[in-house]
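Data first, discussion second: the structure below is written as structure tokens.
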Protein chains: 4
Amino acid sequence: MPESVFADMAHLTAPLRRFGASLLARYFVLAVGLAAMTAFTVPEWRSAAGAWLSACLWCCLAYFAAETLIRGSAALRAGAGASHFFSLAGVIDILGVVPVPIALICGVAPPTAWLLAALWVLKLAQNSPGFAQLGRVFRLEARALASVLVLFLIVLFLASAAMHLIERAGQPNAFGTLPAAMWWAVVTLTTTGYGDEVPLTQAGHLLGAFVMICGIATFGLWTGILATGFAAESRRRNFLQTWDLVSKVPFFQTLDPSAITEITHRLRRVEVPQRTPVIRRGRVGDCMYFIAAGEVQVELNPASVRLGSGTFFGELALLGDSIRTANVSTTQQSTLLVLDLADFRTLMAHHPDLARAIEAEGKRRMSDNQRRRELHLQGGTSPS
Amino acid sequence: MPESVFADMAHLTAPLRRFGASLLARYFVLAVGLAAMTAFTVPEWRSAAGAWLSACLWCCLAYFAAETLIRGSAALRAGAGASHFFSLAGVIDILGVVPVPIALICGVAPPTAWLLAALWVLKLAQNSPGFAQLGRVFRLEARALASVLVLFLIVLFLASAAMHLIERAGQPNAFGTLPAAMWWAVVTLTTTGYGDEVPLTQAGHLLGAFVMICGIATFGLWTGILATGFAAESRRRNFLQTWDLVSKVPFFQTLDPSAITEITHRLRRVEVPQRTPVIRRGRVGDCMYFIAAGEVQVELNPASVRLGSGTFFGELALLGDSIRTANVSTTQQSTLLVLDLADFRTLMAHHPDLARAIEAEGKRRMSDNQRRRELHLQGGTSPS
Amino acid sequence: MPESVFADMAHLTAPLRRFGASLLARYFVLAVGLAAMTAFTVPEWRSAAGAWLSACLWCCLAYFAAETLIRGSAALRAGAGASHFFSLAGVIDILGVVPVPIALICGVAPPTAWLLAALWVLKLAQNSPGFAQLGRVFRLEARALASVLVLFLIVLFLASAAMHLIERAGQPNAFGTLPAAMWWAVVTLTTTGYGDEVPLTQAGHLLGAFVMICGIATFGLWTGILATGFAAESRRRNFLQTWDLVSKVPFFQTLDPSAITEITHRLRRVEVPQRTPVIRRGRVGDCMYFIAAGEVQVELNPASVRLGSGTFFGELALLGDSIRTANVSTTQQSTLLVLDLADFRTLMAHHPDLARAIEAEGKRRMSDNQRRRELHLQGGTSPS
Amino acid sequence: MPESVFADMAHLTAPLRRFGASLLARYFVLAVGLAAMTAFTVPEWRSAAGAWLSACLWCCLAYFAAETLIRGSAALRAGAGASHFFSLAGVIDILGVVPVPIALICGVAPPTAWLLAALWVLKLAQNSPGFAQLGRVFRLEARALASVLVLFLIVLFLASAAMHLIERAGQPNAFGTLPAAMWWAVVTLTTTGYGDEVPLTQAGHLLGAFVMICGIATFGLWTGILATGFAAESRRRNFLQTWDLVSKVPFFQTLDPSAITEITHRLRRVEVPQRTPVIRRGRVGDCMYFIAAGEVQVELNPASVRLGSGTFFGELALLGDSIRTANVSTTQQSTLLVLDLADFRTLMAHHPDLARAIEAEGKRRMSDNQRRRELHLQGGTSPS
């Protein structure tokens, strides 16, 4: 397990720590609400604990209503009411509060009315930064995806009509009408294959085989378009996120713009919460870190050193042998830029001056550490 | 929701506006015709509204016949009759008109004859520009795809023969003949899995598991080939579409050919219909626009400014902070070239003179706006 | 339909023309043999036409035996007997001839013995150049694919054991033993989903959902590895095939090695049989051609011009407007190198001297054509 | 079959030879143990050979217990006990030994207790180097994959609720509760399609078709993300593995750092065990080899030449025609760096001095061979 795991895992759990209780509480209410809503549709559970489930659902609804009110009034105070209520987040907020009471007032039976609480699941999309990314991929590739969809429709229609002709005599229920045959064609083209409608004649089998192979081809094109689009979008997004941070690291200021562009493509941003280990002594190191914001503490032998925003650490393991020589952890919530070993080497080859600067700093630190340790040892304390 | 959505959405709906009523009418007739054809195969609906459905189908047929005649006579007048009638579009036109009447004349029952109207769905391919692209991918990758198909056939044949041997004693109906076993093999290799024929013995299960894994491997290769081919084709197509437009923007004329090639790879073309907002004030901007054709109107404070073909806008948000400072909308149908923020930064790094030119223009505009606003404020009107 | 279709389609059918009757006959015998073998397993067809099918099968066997003997003796004469008989092609030849007679001699019933003729399908792999490519991808990515397979095995074993525990009480037939549960797990992980064994309890549904999502993840990795490997292999193969041809075109000799490498990456090789149209007058051109071997005839107005190996054509449509000005067809079997419009533009930008040379030749030809046509018109004949 | 197969296959079997008996024994015990565990769940087999199976299982458990003890005590002696027992390998070791005895002691019936031996399959992950790679891909793409999972959850919830509403009247068993409808939605979204729950109404069919198409889109995104991530990770890993070896080849020392970076990206590392053929005379060569460690023996005509670490061979086939002129095999376990023909040509174009050095060495060797053969022929022996 390479040691860059620490920073990555810290990064993954960072949002929870940062937003703290409020976001955690929100996800908890969401999970409880969706579970209660699901349980409320099962007659046995409803008869066993209907009152509890109902109370639970009303509490969740109250929580979401309060949230909607707070956000809405904040938006109104900021003079952005209209744009808030017509934004995606605003609509999701309202969809989570209004439909259930309306349904209950209209006299819909509670088990059915509470089904509308399934709309709460949309709240997951409100906090997910990746959704904008997925949406962008679909929008940019819209024309290509539409072509695939047209291909899908053409095969669907022609295959249904042909299968209806072939199989309607033998299976009037399954293929007797075109809508029934189209259901078979969709189930087959998507390679779902329920098996509720299956051709039985030789000709039907031949056509079915052809439809399945078309389904795989269509699917392959669809996957190819999304894969290509997503890869481009990821690169673009990472570049934009990293660019602003790179400009804050003084070390990169001396580079020419084209080198900055190159290094921006190679850095990866991680958010590390406070008091989290980033590097563990004795582990094999495969990356170095630049501090874009925050502060870390390097636990050297006699005392520890603090490094602030704009400095870098972890370069020793990349220059000499790859074993980390000290523990490093954050003292506050920090934003680090990770430079991988492979990218480090490529960058060093293309920008020898950058290489020299890092090496010089590395050597200075190594001799510092050496000197400090010697002083310390002369002072008589042995390292644990 | 980033603001480039406006231009993109405008772009997506542009064909409808441009071709206007005629294309919309066509899609409407197509949808109605296919729906009526589908409904006509359902006995209940036919007995309930058979006359209406029939009338509807005849109307659609008449519309398509008229369309075919108009196009055909236009082609004949242009002296390109033969090449039109043997082109894909010509064949699709004729396939949509001729088969149904012939079938009815030959005495085929109407519900069966009208099934041939399923060929109308091919008309979707006539207006889809992406189809040529998909076709090109299949043609260029034909040899690789054929290899995968051969692999598929080999596994199919050998697995069917082996499964027939293993299972024919226990399930004479499902695996008693090789064609039946081949049906199982196709259903399994494509991972469709109807479940109408399933091996029951231990040996059959082992062979079945192997066939499924082969199916996934074959599928993966197929997807990989199409994904690779499609990505290359998309890049090529975008380059060609953008190239001609780039040469029309005077701003790029001063660049050396290799820079033009680079910028062409990074620009994305969008068609925006008239009177459509492109940039909204106060939104976060992530791209700038070059006008290849058409005109836009920038709503500055006292008065608005018009920018014509060959100019650019939206660069302020990329140079300074990223909030748009004015509304921009088209005054006529326009073709814009979008330069994304990430590509903008990379380009600026590689071509500092381009960067300087854009920056100078940006500063000039900012001071212009400033001056104008001051003059205006001295004149006593406050911005809303 | 872009006009490069002509060369491409000619290219796809070229192998048939080149190997001519012999290869066509081989595929015909193969198709007939496999069809007869398949039909021979169906009792009705066997009783109806058993003698004919049997005769057909024996003829195919005789054909393949003759082929095997001819190839084998040729290899023996060339002193390469051992390496031939242990090569893939040699083994496939023998597998197509020996097993059926041995089975018949051993007293196996004919319908069963002839099942071994399914091995004939392997002959498809003998002539398929893409197979070596697929094999190479699997070999180079063997370690990554093995990791995915290990992941698959781990999920398979743990999910089977857990599902066996959960469902064995309720469904002793479907999940009562671990092998039965493993059959369910394979069917589910590959997303085949026959539905012959389905969990019925809530816990079983939860585990089943988890297994399906794992299946998609595994599948995605598998596809990703194959897609990446195949893309790299395709690029490599095209480069090698094109390289040797590029060195035969004098036009490229003057370029420096790095430009040759670049152009080699961009050219695409097509084989065109004799007397095949490559360019049609009036079509939109999107590529130019270099003749690596063979000869083409340009049908200019009064007379036609022949261009031999080492020359190029079709550049006019890329330099000026994109309409082809003449028909071009091959006079003999030719190997052409296609340079796409997008690549042409990029190359021209990077190598201005190459651009100048092509442009000069293009202009020379245009003025030649002009002069010739004028002379011709003065002579009084009007073009049709 | 290209000749680089030799080195590749040798490479694939190398781990077995290197770790020798111990690793082979481990895999054998693992296979036997898992097979016995599987057989032990089948009542017939248990009643027929229960004692044997039980003995077999206890032996495997003893083997794994011994292995765990040996590793654990080695770790304790090295003072790394805690980090070993909390590492993945340590946990897997303990999971393979402890659970079964505990279950048996707690009075669980043996056939059920031995099911816990399914955890042994995790041992496959201990020796698989690719697992760290897969884990890294999942970690780096965690945010994108989470977005897809959220999309999946949203579609799942909304589709289940809608389908429950639509179908609960007609099929109270299959869609009567939300959990049941969710089971249908998972089975459909993953395109598994058991067919145990299938919508029967027209509205249900429409919704089902939409869910299937959503399933394919989600799947495509998931595949795209993993494919992109895996490709990047493979490149990175190959670069790191090759880098250290490149620095050991004196031939590359003279190159500038950017050339070394380029060549490192193009080389591929293979491990070849001792006395293994790498090149076979007469085969078509498509790569050359650099010896990073070890030694090879070139079987030239009269005598053979040994080449040690830091030298290269196989370059003649790339410079002149492509037929190998000598057999080459390893004399000891060696690490070779393979340079493919396509990459060789690209490198030669970019680094003419490298090309000249290799060519000079090639010519020297050719004339050496020539001279030696002449001397030998004058001495009267003819090559076989």
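The values are calculated or read from the model by the stated rules, or taken from the named source; none is laboratory data. Please read all numbers here as calculations on a predicted model, not as lab measurements. Here Cβ is always computed from backbone atoms with ideal geometry, including for glycine, and neighbour counts include all displayed protein chains.
The set of residues in the range A:124-134 being at the interface with another protein chain (Cβ under 8 Å from one of its Cβ atoms) and in a helix (DSSP H, G or I) consists of A:LEU124, A:ALA125, A:GLY130, A:PHE131, A:ALA132, A:GLN133, A:LEU134.
The condition of being in contact with a Leu (Cβ under 9 Å, 6 or more places away or on another chain) and either away from chain D (no Cβ under 11 Å) or closer than 30 Å to B:VAL187 by Cα (or both) holds for A:GLY294.
Against the condition among the hydroxyl-bearing types (Ser, Thr, Tyr) and within 14 Å of chain B (Cβ to nearest Cβ), how does C:THR346 come out, does it pass?
Details: among the hydroxyl-bearing types (Ser, Thr, Tyr): yes; within 14 Å of chain B (Cβ to nearest Cβ): yes.
Spelling it out, C:THR346 is indeed among the hydroxyl-bearing types (Ser, Thr, Tyr) and within 14 Å of chain B (Cβ to nearest Cβ).
Filtering the range C:220-273 to residues that are more than 11 Å from every other protein chain (Cβ to nearest Cβ) and over 27 Å from B:LEU145 (Cβ atoms) leaves C:LYS248, C:VAL249, C:PRO250, C:PHE251, C:PHE252, C:GLN253, C:THR254.
Taking the listed residues D:LEU57, D:LEU61, D:LEU30, the one that is modelled with pLDDT of 90 or more and in contact with a Lys or Arg (Cβ under 9 Å, 6 or more places away or on another chain) is D:LEU30, with no other qualifying.
Annotation: of all residues in the range C:168-196 being farther than 29 Å from A:THR188 by Cα and not β-branched (Val, Ile, Thr), the one that is farthest from the other protein chains (Cβ to nearest Cβ) is C:GLY170. Return the residues of the range B:60-86 that are closer than 16 Å to B:LEU119 by Cα and without any contact (Cβ under 8 Å) to a residue 40 or more places away in the chain; say none if nothing qualifies. If the condition is that a residue be closer than 16 Å to B:LEU119 by Cα and without any contact (Cβ under 8 Å) to a residue 40 or more places away in the chain, then B:ALA62, B:TYR63, B:ALA65, B:THR68 are the ones that fit.
Tell me, which strands (runs of 3 or more DSSP E) wholly within the range C:298-352 include 2 or more residues that are crowded, with 17+ Cβ neighbours inside 10 Å and of a type in the set (Val, Ile, Thr)? Spell out the reasoning first.
On the way: elements: C:304-308, C:327-330, C:334-340.
Passing ranges, in order: C:327-330, C:334-340.
Go through D:VAL150, D:VAL137 for me and flag whichever is more than 9 Å from chain A (Cβ to nearest Cβ), within 30 Å of A:VAL137 (Cα to Cα) and in contact with a helix residue (DSSP H, G or I) (Cβ under 6 Å, 6 or more places away or on another chain). Spell out how you get there, then give the answer.
Working: D:VAL150 fails: more than 9 Å from chain A (Cβ to nearest Cβ).
The conditions single out D:VAL137.
It is to be established whether one or more residues within the range A:259-278 are over 28 Å from the mean Cα position of the chain (by Cα) and not aromatic (Phe, Trp, Tyr). Let's see the steps before the verdict.
Within the range A:259-278, the subset over 28 Å from the mean Cα position of the chain (by Cα) is A:259.
Add one more test, that the residue is not aromatic (Phe, Trp, Tyr), and what stays is A:259.
Checked against the condition, which is being over 28 Å from the mean Cα position of the chain (by Cα) and not aromatic (Phe, Trp, Tyr), the range A:259-278 yields at least one hit.
Checked against (1) within 14 Å of chain D (Cβ to nearest Cβ); (2) buried (at least 23 other Cβ atoms within 10 Å of the Cβ), A:PRO199 passes all but a single condition, namely (1).
Of all the residues that make up the range A:260-297, how many are closer than 30 Å to A:SER234 by Cβ and not in a strand (DSSP E or B)? Lay out the reasoning, then the answer.
Pass one, the range A:260-297, residues closer than 30 Å to A:SER234 by Cβ: A:260-274, A:276-280, A:283-296.
From what's left, not in a strand (DSSP E or B): A:260-267, A:273-274, A:276, A:280, A:283, A:285-286, A:294.
Qualifying residue count, the range A:260-297: 16.
For the range C:274-317, the candidate set comprises residues that are in contact with an Asp or Glu (Cβ under 7 Å, 6 or more places away or on another chain) and basic (Lys, Arg); within that set, the residue that is modelled with the lowest pLDDT is C:ARG283. Scanning the range B:176-209 for residues that are part of a helix (DSSP H, G or I), within 44 Å of the chain's Cα centre (by Cα) and without any contact (Cβ under 8 Å) to a residue 24 or more places away in the chain returns B:LEU178, B:PRO179, B:ALA180, B:ALA181, B:TRP183, B:VAL187, B:HIS205, B:LEU206, B:ALA209.
Just to check your reading of the model, which residue among C:LEU76, C:LEU95 is more than 9 Å from chain B (Cβ to nearest Cβ) and exposed (fewer than 14 other Cβ atoms within 10 Å of the Cβ)?
Numbers: C:LEU95 fails: exposed (fewer than 14 other Cβ atoms within 10 Å of the Cβ).
It is C:LEU76.
Would you kindly identify the helices (runs of 4 or more DSSP H) lying entirely within the range B:55-123 that contain at least 2 residues that are within 31 Å of the chain's Cα centre (by Cα), among the hydrophobic types (A, V, I, L, M, F, W, C) and under 21 Å from B:THR38 (Cα atoms)? I'd like the intermediate steps shown before the answer.
Numbers: elements: B:81-85, B:88-97, B:99-105, B:110-113.
In the range B:55-123, B:88-97 are the helices (runs of 4 or more DSSP H) which contain 2 or more residues that are within 31 Å of the chain's Cα centre (by Cα), among the hydrophobic types (A, V, I, L, M, F, W, C) and under 21 Å from B:THR38 (Cα atoms).
I'd like to verify a number: residues in the range B:28-49 that are in a helix (DSSP H, G or I), within 14 Å of another protein chain (Cβ to nearest Cβ) and surrounded by 14 or more Cβ atoms within 10 Å (Cβ to Cβ), how many? The total comes to 10. Applying the condition of being small (Gly, Ala, Ser) and surrounded by fewer than 19 Cβ atoms within 10 Å (Cβ to Cβ) to the range B:129-145 and asking which residue is nearest to the chain's Cα centre (by Cα) yields B:ALA132.
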